[in-house]
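Engineer: Got a structure for you, questions after.
The values are calculated or read from the model by the stated rules, or taken from the named source; none is laboratory data. Remember, it's a predicted structure, so these values are computed and weren't measured experimentally. Using ideal geometry, Cβ is built from the backbone for each residue, glycine included, and neighbour counts are taken over all protein chains shown.
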Ligand SMILES: Nc1ncnc2c1ncn2[C@@H]1O[C@H](COP(=O)(O)OP(=O)(O)O)[C@@H](O)[C@H]1O
Ligand SMILES: [Mg+2]
């Protein structure tokens, strides 16, 4: 992350500002770069614009009436902000939400449906279902019950199913908005392991978290948001052990947030 443009730059924002209906500025002039194979954490108090920022990266704000996104969103060196096609963008830039949201059907069906929607030939589906469940570290737990209902799984398993569903489309960026906040510590640990194995495969993982320990455990880089601005970003260790900005220092020391 940050302005060190070494390594393989995957997705970057340049002076991105977001306005909701009524011209309320929710995000102000955010420039951040994310690299391949890195995990990046977005931290900051509630309401500071983390989700708004994440939604810029997969163009989801476009679907919010009255919402305007200014600036450039460079994905593989092309600006996708204004004109890129949503359907293809979503395939390459996956999103996992706070509440696991599997479709109301079987485990197998959840992934197969995503693949069919994207035109994957029938003959390939079975193999990709297995491969993505393996990548999401869920295969061993579900391989004997692929046709049972997804919502019978535990919360942590449902979240890994949602990750598998995203992975099936072969994204190279995965966005996660507080993916563990509905999960217990063991399930959280499993998701963190999964994040690390995705990054090891070259995927760029960007995770919003209110859990600073989580950022410390998994993130290579961390960016701190406050009142709609990106205040400071850098190597995670530096952000936590030697924060420059007083607001970040207060946040890290638990004085608010
Ligand atoms: N759909 C929306 N319409 C209007 N305002 C919104 C919408 N989503 C978020 N906001 C506002 O934008 C600001 C940032 O919110 P958000 O990005 O959700 O923060 P965070 O994820 O850091 O908690 C807040 O003031 C919030 O009320
Ligand atoms: Mg949020």
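Engineer: Filter the strands (runs of 3 or more DSSP E) completely within the range 119-230 down to those with at least 1 residues that are over 27 Å from residue 246 (Cα atoms).
Structural biologist: 173-177, 204-208
Engineer: Could you tell me which of the residues 121, 171, 185 is modelled with pLDDT of 95 or more and more than 26 Å from residue 34 (Cβ to Cβ)?
Structural biologist: Among 121, 171, 185, only 121 is modelled with pLDDT of 95 or more and more than 26 Å from residue 34 (Cβ to Cβ).
Engineer: Ok, one more. Kindly check whether there is at least one residue in the range 202-223 that is buried (at least 20 other Cβ atoms within 10 Å of the Cβ), within 16 Å of ligand 2 (Cβ to nearest atom) and on the phi > 0 side of the Ramachandran plot.
Structural biologist: No, every residue in the range 202-223 fails to be buried (at least 20 other Cβ atoms within 10 Å of the Cβ), within 16 Å of ligand 2 (Cβ to nearest atom) and on the phi > 0 side of the Ramachandran plot.
Engineer: Out of all the residues in the range 173-186, which are more than 13 Å from ligand 1 (Cβ to nearest atom) and surrounded by fewer than 19 Cβ atoms within 10 Å (Cβ to Cβ)?
Structural biologist: Answer for the range 173-186, where residues must be more than 13 Å from ligand 1 (Cβ to nearest atom) and surrounded by fewer than 19 Cβ atoms within 10 Å (Cβ to Cβ): 182, 184, 185, 186.
Engineer: Next up: Find the residue count for the range 152-171, including only residues that are touching a residue at least 60 places away in the same chain (Cβ under 8 Å) and farther than 19 Å from residue 119 by Cβ.
Structural biologist: Summing the residues that are touching a residue at least 60 places away in the same chain (Cβ under 8 Å) and farther than 19 Å from residue 119 by Cβ in the range 152-171 gives 4.
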